Amino acid sequence: MHRLLQRSVCWTAGLHTCAVATCPSCCCSIAGGLQPRDHVTATMMKLHWLAVRQRITYKLCCLMHGVVHGHAPEYVVDMVVPVSHLPGQSHLRSAQRGHFDIPCSRTAFGSRSFSTAAPLAWNELPADIRDNTTTVTFKKHLKTLLFNLAYGPAFL
């Protein structure tokens, strides 16, 4: 329902004018029956929707999980490099933990690229979540972690 609702709201709001941060708020307002000036945080928690920043992290980490387990397309795999594949760094602790190299970026725009943001998000995950081999279990634990980061553990 979330995707259908989001598409219809974005379509009616005019796709070119619908900002990324406001579209989930619009969807939440409609799904929760909120008034225009009501806050959407409580409704987002009730619907178990992640905030925008956590949704981006969720998508990045899901793609990285596919890279690690061989489910991602080749062009995505080519964008990231495990630390263990770097010359002279295979003995490092980060290589043993399955971390990926985070390339240096000179601009804020460059730091938002997939090749920088995805390894950063992946490396920040706890090892018990990163080590999940099944996609369903990984997504479940990842969403729980990100939900706790967004709203606090008291709201589960």
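The values are calculated or read from the model by the stated rules, or taken from the named source; none is laboratory data. Computed from a prediction, not measured in an experiment: that's the story for all the values here. Positions of Cβ are generated from backbone atoms using ideal geometry, with glycine treated the same way; all protein chains shown enter the neighbour counts.
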In the range 131-147, residue farthest from Val76 (Cα to Cα) [restricted to those that are touching a residue at least 60 places away in the same chain (Cβ under 8 Å) and among the basic types (Lys, Arg)]: Lys143
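Just to be sure before I move on: is Ala72 assigned to a loop (DSSP other than H, G, I, E, B) and at pLDDT 85 or above in the structure I sent? Walk me through how you get there before you give the answer.
Values: assigned to a loop (DSSP other than H, G, I, E, B): yes; at pLDDT 85 or above: yes.
For Ala72, the condition - assigned to a loop (DSSP other than H, G, I, E, B) and at pLDDT 85 or above - is met.
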State which residue is farthest from Lys59 (Cα to Cα) when the search covers only the range 89-110 and only residues that are modelled with pLDDT under 85 and in a helix (DSSP H, G or I). Arg93
